1. At a Förster distance of 22 Å, what's the computed FRET efficiency of Asp98 paired with Asp67, Cβ-Cβ distance as r, to 0.05?
2. Taking the alpha-carbon centroid of each part, what is the distance from region 215-293 to region 55-107 in angstrom?
3. So for region 49-120, averaging the separation of alpha carbon pairs under 8 Å that are six or more residues apart and normalising by length, what relative contact order in percent results?
4. Computed from these coordinates, which is mean projected area of the Cα convex hull in nm²: (i) 14.1; (ii) 16.1; (iii) 17.5?
5. Output the peptides 107-115, 35-43 sorted from most to least packed, where packing is the average of other Cβ atoms within 10 Å over each peptide's residues.
6. How do 261-268, 73-80 rank on mean C-beta neighbours within 10 Å, highest first?
7. If one takes the longest principal axis of the Cα atoms in the chain, at what angle in degrees, from 0 to 90 and to the nearest 10, does the Cα axis of helix 63-74 lie?
8. For the ranges 3-11, 270-278, 136-144, 252-260, what's the packing order if you count other beta-carbon atoms within 10 Å of each residue, average per peptide, and put the highest first?
Amino acid sequence: MCGIAGYFTKSTDVAAPVGEVMMEMLTALECRGPDSAGVALYNTSSTNDSILQIKLSDDKPTRAVLDGVIANISQLSKPTAITTTGVYLRLAIDGSLDPATVISVIESVDSRVEVVSMGKRLEIIKQTGSPKRIDVDFHVSDFQGSHAIGHTRMSTESQVDLSHSQPFWAHSLDEIAIVHNGHITNYHKLRRQYEQQNIHFYTENDSEIIAVYVARGMSNGLSLEEVLEAALVDLDGSFSCLVSTASAMGFVKDPFAHKPLLFSETDEFVAVATEEIAFRPLIENDLNIREAGAREIRVWQN
């Protein structure tokens, strides 16, 4: 049932109210997934620092874990802009550091610690509950940027917690994030293959495999569009999937077209969502909304 949404502004130098738009779209889609909600937000331009969103615990984090994470990351780079909200620790570090090294150092503090996102442009915020709860806690509506994708989840198999919520980060330099509605039926086969290559998985959610798949493809030199084309062959099941990078957003719809996905494009922006109701906040723009077809792929790049 899950709801997915994306908003991509075509302006390359002016920040748009992507946070506000995403919150309105996800609130409209809340009926499709009341268990959790999340957003992947992209700034208009990168800086020399990487912003980290770190989950410290599954419930109330201890001071020892917080201090341990800061002490460990300080061995690599002096963290700045340190804030905590709920179970999240947000901070900035040297943007030239390798994500794999940073993740290893941070997550060695405690088994419950997880780097939810790291990037010069990307920030991911997700948690159980409604989109409105995220907005109250993190003020997502105030975010100005270039593009965003979001998700409301109804759990049909894996557990309901922050880690199993979407979007999923691909743990890569490309700042890749994905949101997905559907089922990847060859998930276990693909997961075994990736685990043999020492890829670490954080959840039992089949959507996580898509983030790994996209990151591996792009790290091998494929463009985002080429990766999505390959996914139609390599991923089994029924799915509609949105993928974002630091400078692009795209979608792929499975060969059977079992999962709904609509999109609209104007001279100023692109909007994608599971249902027409999510476009209502943008309707004053006289949108031409259409359903994506089977095997359809679209990519928008700044």
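1. Values: r = 24 Å, r/R0 = 1.09.
Efficiency, from the Cβ-Cβ distance: 0.40.
2. The two parts, judged by their Cα centres, are 32 Å apart.
3. Numbers: 121 pairs, mean separation 35.9, N = 72.
Taking the mean separation of contacting Cα pairs over the length of region 49-120, I get 50 percent.
4. Recomputing mean projected area of the Cα convex hull in nm² here picks out (i).
5. Packing proxy ranking, top to bottom: 35-43, 107-115.
6. On the way: 261-268: 16.2, 73-80: 14.4.
Ranked from most to least packed, the peptides come out as 261-268, 73-80.
7. 90
8. 3-11, 270-278, 252-260, 136-144
No value in this document is a laboratory result; all are computed from the given coordinates. As the structure is a computational prediction, the values presented were derived from the model and not from experiment. Note that each Cβ is placed from the backbone with ideal geometry, even for glycine, and that neighbours are counted across all protein chains shown.
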